[in-house]
Structure formats: structure tokens, C-alpha cells
Amino acid sequence: MTPNLLVLNGNPKPDSLCHALAREYARSAEQGGARVTLHHVGELAFAPDLHHGYDEAQPLEPDLQAVQQSLMEAHHLVIVAPVWWGHLPARLKGLLDRTLLPGFAFRYQPGKAHPEQLLAGKTARLLLTMDSPPWYYRWWLGAPVERTLTKPVLGLCGIQLTHRLHLGPVHTSGEAARQRWLGQVGAAARQDVQRLARRRA
């Protein structure tokens, strides 16, 4: 079975390193035989706020419906994002708020603390860019993005975060470093496709 991947570029800036990394991951995965859908959060038309929390249903814009459909069909999710103020960009967080909805991503169970995981069986990779050195992000800050995504967000829905790649510092990087990072991301894509193909054989 052909692996189906969803790549989310969470950097709203059109000419960003994340944009290039997401394209490279998608290109390499497709070359490896996967079917890939790539969404750039900055190109999607949607309101990032839950205007009434989860008290009232908020109609999904067509772009968010497309993201939900892509996620439903995907075996593997790849989130590419910069670390801003120790966390994800607000627009990407809004995308997660709006799409990972009760009844789609999870379902509350009467009398149980943990909901039913409606996206169980999917895996995820996180590709983060940062201006701090990766060791500082991991050991001093405690990898805050992973702390949030692993259990409270992806894990709640049944998506297992299996791999991560931290790239930085970006603000002092030159062309050689950026080309090296693109190479690392391409290799990660090929490894993911091979692993998914073995799992689904």
C-alpha cells in the first residue's frame, strides 16, 4: 500500500526556511514513492480563533475541511514550524484548535477521563527551526513544543509523535548550513517512507 503523508508548513511567512524544508520533505517523500499533500498555513483562508470555544459548532472554512480530509487519509503527519517564544506560531495553533475537533479527532466517553482516539494508528514527525541552539531548546527550555504536542494534542487524538528534528540556530546560519538542513530533511523523508512502507506491507 502506498504511504500517504500530510505535510503542514506552520510558518505563515511565504519565503521562510520552513517553506523550503516542507517542500524538500514533500519532494523527497514523493520520490520515495509516497503520496504527499502539502499545506502552507499562510496560504489557507480561515479564522484561527474558536469564537465560542467548544460550546457552539463553528462552521469550517473550505480550506479547513480540506486539511481535515487530508489528515483523515494520511498515515503520517509532518509538522514543519519555527519555534517562536518557545512555542508554535499562533496561526498554526489556531489551525490545530479549529481542525482537531470533538467527533473528528476524539470523542468523549461517559464516565471515562480519557476520550476515544479517533485518529489512532497515525504517526507524526516534527521538524522545528529555531534561533537558539538545539541543545538550549532541548535541555534548558525542556522541548516545550513536544511537551504540548506529544500527549495533550496529538496523543489525545491517537497520533504518535515518533521522530523530531531540531534545526538551528537559524538567525546566524549561512547557505552551507541551510543546504545541510535541507539534506537532513530529505533523508528524514526517505526514512519515513521506507518505514511506513514496511509497516503497511
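Before moving on, here are some points about what is shown:
- In a reduced charge model with +1 at each Lys and Arg Cβ and -1 at each Asp and Glu Cβ, the chain shows a dipole moment near 880 debye about its Cα centre.
- In terms of the mean number of neighbouring beta-carbon atoms within 10 Å, the peptides 71-80, 174-183, 130-139 order highest first as 71-80, 130-139, 174-183.
- Averaging 1/r over each pair of different alpha-carbon atoms in the stretch 1-73 and inverting the result gives 13.7 Å, the Kirkwood hydrodynamic radius.
- Whole-percent pair-distance distribution, where bins are 5 Å wide, for the alpha carbons of the stretch 81-146: 3, 13, 19, 18, 17, 14, 10, 4, 1
- Size of charge dipole - the stretch 116-201 - debye, nearest 20, with Cβ of Lys, Arg +1 and Asp, Glu -1, no other charges: 400
- Model label zone, LEU118; criterion: amide N under 13 Å from point 7 Å along Cα-to-beta-carbon; scope the stretch 134-176: 157-158
- Its Cα gyration tensor gives the chain an equivalent ellipsoid, and the semi-axes of that ellipsoid, as √(5λ) in whole Å with the largest first, are 26, 20, 17.
- Of all DSSP beta bridges in the chain, antiparallel share, percent nearest 5: 10
- Solvent-accessible area per residue for the stretch 2-46 (1.4 angstrom probe, square angstrom): 40
- The stretch between HIS87 and HIS51, if pulled fully straight at 0.36 nm per residue, gains 10.8 nm over its current Cα-Cα span.
- Working ranking of peptides 2-12, 115-125, 31-41 by packing, defined as the average number of other Cβ atoms within 10 Å per residue, highest first, is 2-12, 31-41, 115-125.
- In terms of overall dimensions, the C-alpha atoms belonging to the stretch 131-201 reach 41, 28, 15 Å along their principal axes, ordered largest to smallest.
- Each stretch of four or more DSSP H residues adds -39500 (n - 2.57); spread over every residue of the chain, this sum gives -11000 deg cm²/dmol at 222 nm.
- Probe 1.4 Å, protein heavy atoms only - accessible area per residue of the stretch 85-187 in square angstrom: 52
- Computed label-point distance, nm, for sites ARG199 and THR172 using a 7 Å Cα→Cβ extension: 3.7
- Separation of the ARG180 and PHE104 label points, Cα + 7 Å toward Cβ, nm: 4.0
The values are calculated or read from the model by the stated rules, or taken from the named source; none is laboratory data. Model, not experiment: these values are computed from the prediction. Glycine also receives a Cβ, built like all others from the backbone with ideal geometry; neighbour counts cover every protein chain displayed. Surface areas here come from the heavy atoms of the whole protein model, side chains and all, with no ligands, DNA or RNA. Shrake-Rupley method; radii C 1.70, N 1.55, O 1.52, S 1.80 Å.
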